[in-house]
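Read through the structure below, which is laid out as structure tokens, and then see the notes.
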Amino acid sequence: MRAALVGVDFGKGDFAASLEELALLSKSAGAEPVVTITGKRGSPDAALFVGSGKANEIGEAVARDQLDLVIFNHALSPAQQRNLERHLKARVIDRTSLILDIFAQRAKSHEGKVQVELAQLQHLATRLVRGWTHLERQKGGIGLRGPGETQLETDRRLLGDRVKMLRTRLDKLHRQRETQRRARGRQQTFSVSLVGYTNAGKSTLFNAMTKAQAYAANQLFATLDTTSRRIYLGEAGNIVLSDTVGFIRELPHQLVAAFRATLEETIHADLLLHVVDAASPVRMEQIEQVNEVLAEIGAESIPQILVWNKIDAAGLEPGVERDEYDKIRRVFISAQTGAGLDLLREAIAEHVKTSALARLDSLPVREHNDARP
């Protein structure tokens, strides 16, 4: 599917990096970005988001290059999207729809699929009965996968019923997950979650540390479903390591809400391994974005170790960096080559032992004595 990418620079953040990310997102969804059109504005145009002059430029590109799709690097209102489609005589989707579509393609577990459908329906709810009949007969394609094919023909009441049913199902899955987590807690298994920007190499690291076969690819959102495995760390005993969905700038709020159950593995972890693509020129911004989402889901106070991955691509050496209190702050590794993985295991083991000692010290005297071996 041939696409035009459209980005408007409002003077905030790294505009070039954001456009690069849009191209990666588009390719991950299965589109072929043919042309990128950019512009500068102080604020979005109420009717067409980009203004009529820029809209004409996009329309000319659509006709000239025979494009099927126009992808905006922003969230569009239903009215803007509809006006643009009339003006450009082509399908238009925004960044939110694009990310939802990738999630629809990637979700494998029952829970993942339910969460994606809920997020898609919430996004479609505002757009359903406002003259979108020209899309109802189109099957598939980016932005129309999953419920898009069937739910566009339903009315708001049916949509509301479906959303209610999905929420009930998610609550049930959430309770099951809580039960499993409590069982783990009773066994006092230390829980570690991998978090990080999408495509930072979390799944490759997860596979390298657990010898599991989680899906790992050079794509955005290769992993959607949380996978957990037990690892033995010598004296530190067993830990449970979980791989989670990658974070991204301006993650649609419907997704933060719908994926809360998946991200709850993160909220209840004892330690977060924050995986960073050391070779990315915007890595500091990405760290910031991840910390913002962690704050949004209530996980900002969980201890973190920054794992600088892909050191082979960044020309760095394996190593460990400590802060002024001698706590491990950063570990430099390559999940791909295995360099520094032993250092990471030692860093986790050290944290497990320190946490166990801190827990013992915080117990009342009698429990403290009972807890000692």
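Of the listed residues K310, K89, K211, the order by accessible area with a 1.4 Å probe, largest first, is K89, K211, K310. Across q = 0.13, 0.17, 0.22, 0.30 Å⁻¹, the stretch 273-328 modelled as identical point scatterers on its alpha-carbon atoms has Debye log10 I(q)/I(0) values of -0.39, -0.64, -0.96, -1.19, in the order of the q list.
Remark: C-alpha extents of the stretch 19-136 on the principal axes read 46, 31, 29 Å, sorted largest to smallest.
To the nearest 0.05, how large is the calculated FRET efficiency for D14 and K327 if R₀ is 30 Å and r is the Cβ-Cβ distance?
Details: r = 30 Å, r/R0 = 1.02.
Here the calculated transfer efficiency is 0.50.
In the context of the full protein assembly, S301 retains an accessible surface of approximately 100 Å², using a probe radius of 1.4 Å and ignoring ligands and nucleic acids.
Gap in Å between the Cα centre of the stretch 274-303 and the Cα centre of the stretch 1-22? Result: 21 Å between the Cα centres.
Compare Y197, Y325 by solvent-accessible area with a 1.4 Å probe and give them largest first, with all protein chains kept in place.
Y325, Y197
Accessible area per residue (1.4 Å probe, heavy atoms of protein chains only) ranks S43, S77, S97 as S43, S77, S97, with the largest value leading.
Among the GluC sites (Glu not before Pro) in the stretch 258-361, those placed in a DSSP loop whose Cβ has at most 16 other Cβ atoms within 10 Å are E300, E324. Here's the list of lysines a cross-link from K172 could span, going by alpha-carbon distance under 30 Å and ignoring same-chain residues fewer than 8 apart: K108, K113, K164, K202. Only alpha carbons enter this Debye calculation for the stretch 26-72, each as an equal point scatterer, and the log10 of I(q)/I(0) it gives at q = 0.14, 0.15, 0.22, 0.24 Å⁻¹ is -0.39, -0.44, -0.85, -0.95. To the nearest 10, the accessible area of R283 is 70 Å² with a 1.4 Å probe.
A cut-off under 14 angstrom between Cβ atoms defines the neighbours of P318, and their net charge, with Lys, Arg +1 and Asp, Glu -1, is -2. Our summary gives the stretch 1-135 a relative contact order of 26 percent, counting only alpha carbon pairs under 8 angstrom and 6 or more residues apart. Got a number for carbon plus sulfur as a percent of the stretch 47-114's accessible area, 1.4 Å probe? Whole-percent figure for carbon plus sulfur exposure: 48.
The values are calculated or read from the model by the stated rules, or taken from the named source; none is laboratory data. Note that the coordinates shown come from a computational prediction; the quantities given were computed from them, not determined experimentally. For neighbour counting, all protein chains shown are included, and Cβ atoms are generated from backbone atoms with ideal geometry for every residue, glycine included. The accessibility values were calculated without ligands, DNA or RNA, using every heavy atom of the protein model including side chains. Shrake-Rupley method; radii C 1.70, N 1.55, O 1.52, S 1.80 Å.
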